[in-house]
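The values are calculated or read from the model by the stated rules, or taken from the named source; none is laboratory data. This one's a predicted model, so the numbers in the text were calculated from it and none came from an experiment. For neighbour counting, all protein chains shown are included, and Cβ atoms are generated from backbone atoms with ideal geometry for every residue, glycine included. SASA here: full protein model, heavy atoms, side chains in, ligands and nucleic acids out. Shrake-Rupley method; radii C 1.70, N 1.55, O 1.52, S 1.80 Å.
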Amino acid sequence: MIQLKEQLNLWKLHLTILIVGIISEYIGIQKFNILGFMQILLLPFLFAFLFTSLLNPNIISKAKKIISNKEVKAASPFIIIALMPFIAKFGTTLGPAIDVIIQTGPALILQEIGNLGTIIVAFPIAIWIFKLKRESIGATFSIARELNIAVIADRYGLNSPEGSGVMSVYVIGTLFGTIIFSLIPSIFIHLGVFNWQSLAMACGVGSSSMMAACTSTVAAAYPDSKEQILALAGASNLLTYATGLYVSIFIALPVLEKLYQKMTKEDCKG
């Protein structure tokens, strides 16, 4: 009863989210072609993110008249809840295409090794070029999506330097990730380097919005295999959520903590 009363007191937050959602869905998916073969997809999720950012009082002070810091703080836990229906929807596509998924063999599992790619590529750049401190750990241990935010929040707290790092990459990924993930498959489709099964599996990186942008591009190029593409991408994404959690906790973060100590000669909270 108390929780219901608290939610009723947040009516401005819920009304604002509803209005932003309606406007974003009305705008819909915007497609742009570049060089005749590369396609950029701007999803409603991106527009919703931009609109709500403009309503954040920490970004635009005048927005306090609509949304206060109280509403901003209360909105944070709803991120995971809002993603549950989306993940469940892709789960329903796995059954009808189970034969295609089985035929991929160990490829779906082995691709999770790619979760460690951010350590190899991004961490040295963060330390040596951008001169980041402990923010580099949160920023480079993963692609910094919702699951990874939860890991950092549990281990360090979002108010820590690691929390600042993961949230910064999360925001950048939301703004530019969908654009990049709609461009990359267009390039490989044009070059003919990989088949559609490989591209579909590569779409599942543990980000619902990035996967949606990627699969839309691949499905547009192979319309006869649309259902199988969605199934493979959905399976890949679900596996990434599952295995990515353990890779982050037991491999990525311990490795980064050791690397951080050796590269900076400083202690790292663990």
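The Stokes-Einstein estimate for the stretch 118-225, based on a Kirkwood radius over Cα pairs and taken at 20 °C with 1.002 mPa s viscosity, is a diffusion coefficient of 144 µm²/s.
How high is the FRET efficiency between S53 and A150 when r is their beta carbon distance and R₀ equals 22 Å, given to the nearest 0.05? Step by step, r from the Cβ atoms, then E = 0.55.
Compared with the direct C-alpha span, the chain from L18 to N159 gains 47.9 nm at full extension, assuming 0.36 nm per residue. With a simple spin-label model that places each label point 7 Å from the Cα along the Cα-to-Cβ direction, the separation between I27 and M263 comes to 3.5 nm.
Among the chymotrypsin sites (Phe, Trp or Tyr not before Pro) found in the stretch 180-270, those both in a DSSP coil and sparsely packed, with 15 or fewer other Cβ atoms within 10 Å of their Cβ, are F194. Ligands, DNA and RNA excluded, the heavy atoms of K258 present near 130 Å² of accessible surface to a 1.4 Å solvent probe.
A Förster distance of 25 Å, applied to the separation of the beta-carbon atoms of I251 and F194, puts the FRET efficiency at 0.40. Would you mind checking K62/K133; K12/K62; K64/K133; K73/K265; K131/K262; K12/K73 for any pair whose Cα atoms are more than 24 angstrom apart? Violating the 24 Å limit, Cα to Cα: K62/K133; K64/K133; K73/K265. Rolling a 1.4 angstrom probe over the stretch 137-237 with all protein chains present gives an accessible area of which 64% lies on carbon and sulfur atoms.
Heavy atoms of the protein chains alone define the surface here; on that basis the stretch 16-68 has 66 Å² accessible area per residue at 1.4 Å probe size.
Between S168 and Y222, the C-beta separation translates, for a Förster distance of 41 Å, into a calculated FRET efficiency of about 0.70.
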